[in-house]
Every structure is written in C-alpha cells, then in structure tokens.
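Participant: There's a structure below that I have some questions on.
Here, each number is a calculation from the coordinates, and none is a lab measurement. What you see is a predicted model; the values in this text were computed from it and never measured. FYI the Cβ positions are ideal-geometry reconstructions off the backbone, even for glycines, and counts take in every protein chain you see.
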Amino acid sequence: MRLLFLAILVALPMASRAVPVFLPTRDVAVTYRLIAPGRAPQDVQLSYNAAGELARIDAPGGYYVLGDLPAGQAELVIPGMHAVVQAPDFSAMTGEIRNADGASFTLLGPGHYAGLGCENYLVLDRNVTGTACLTATGVVLHFSGHDAHGKAEGTALSVTYAPQPPDLFAAPQGFTPLNLPPGAVAALLNQ
C-alpha cells in the first residue's frame with residue numbers, strides 16, 4: 001500500500017538537472033488500473049485539488065486516503081468502521097511527495113495514455129526506482145517501479161480536468177478518530 005500511495009501521488013519527476021512539474025497544476029480526477037505481483041488488478045480514483053495540494057485516493061475496499069501535502073498529514077477514512085485513522089505511514093510520505101525526495105529524472109521520450117500525451121522519465125532516488133509518464137500539467141499517466149515494499153504498475157484509464165471541491169478532501173463529521181502506530185495501518189488493511 002505504501003508504494004501504491006507514493007506512486008499515485010508522486011507524479012514521479014523530470015530530468016536529472018531540472019525537476020519537472022510533478023504535482024498536478026490543475027484540479028483533476030484520474031482513474032488508475034493498478035497492478036502488483038500476487039494481487040488482482042484494481043482500479044483506484046485519485047482526486048486532486050491543486051490550490052490546496054489536497055489528494056484523495058478512493059480504493060476498492062471501501063476506504064479512502066486523504067492527503068494534505070502542505071501540512072504533511074494523511075488520514076485513512078474507513079466508512080465501514082465509521083472511523084478516521086491518523087496514518088503516520090502515509091503522513092511521512094507527504095513530505096517525500098511534495099519535495100520529490102531528492103530524485104533524479106532522465107528523459108526517456110514521449111508516451112500516450114488515456115488519450116493524452118506525456119513524457120516518460122527514468123526516476124531514481126534512494127527509495128524508489130522506476131519510470132513515470134507525466135503530462136505538462138503534472139499528471140502521472142503511467143508508472144512502473146519498485147521500492148523496498150515491492151513492485152507496482154499503474155496506468156491512467158481516464159483523466160478529467162474539473163474543479164475538485166475542498167470538502168471532498170475532508171473527513172466526514174462524526175467519525176471516530178483513531179491513532180495507530182507506524183506499521184499498524186498495513187495490518188489493519190491486511191496488506
């Protein structure tokens with residue numbers, strides 16, 4: 001789940017000398033098909049509010065992750081449990097995502113996914129090795145990579161540029177807040 005979250009949000013940046021636009025510059029909703037060894041392919045929805053640098057990832061298990069990149073916070077919303085879980089594992093990644101985590105990027109050439117053009121890059125940092133195809137507006141259309149937690153690949157099936165209201169990125173009122181130690185979120189989600 002960690003690699004999945006990191007890969008979706010990190011619009012895995014550009015050429016070695018200059019970091020490209022790696023977070024969306026416009027509000028967008030993207031549906032991805034994710035593939036990881038030993039798991040059935042799954043579709044997830046990423047919603048992104050560019051002005052607030054807010055992300056929401058809706059997963060097939062009925063839960064979703066809310067990320068506030070400037071605040072360096074993430075929380076897991078589990079409607080079936082009527083709970084909001086503070087997610088230290090995900091929160092630690094928000095800083096990595098927002099700052100490209102010191103990655104180097106090498107241009108590989110053009111790509112085309114979900115009806116849009118993008119540029120493919122080789123992305124290397126101390127934690128992740130992979131490739132990503134980025135639009136000029138910072139949307140990841142395809143990624144493939146691995147880190148210490150495993151491999152993952154994702155391809156955009158659809159991209160919709162449209163306003164993403166801030167309330168979409170807020171936990172529901174009345175849900176019980178839960179605090180879990182690092183590593184506990186993966187256990188909760190049976191990852």
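Participant: Can you give the extra length, in nm with one decimal, that the chain gains between A162 and R33 once fully stretched, where that is 0.36 nm per residue apart less the Cα-Cα distance?
Facilitator: On the way: separation 129, 0.36 × 129 = 46.44 nm, distance 2.04 nm.
Additional length available on full extension: 44.4 nm.
Participant: For T160, T155, which order do you get if you count the other beta carbons within 10 Å of each Cβ and list the fewest first? Please list the in-between numbers first.
Facilitator: Working: T160 12, T155 18.
The fewest-first ordering by Cβ neighbours comes to T160, T155.
Participant: Quickly rank 111-118, 138-145 as a protection proxy: mean count of other C-beta atoms within 10 Å, highest first.
Facilitator: On the way: 111-118: 15.4, 138-145: 23.1.
The densest-packed peptide leads the list: 138-145, 111-118.
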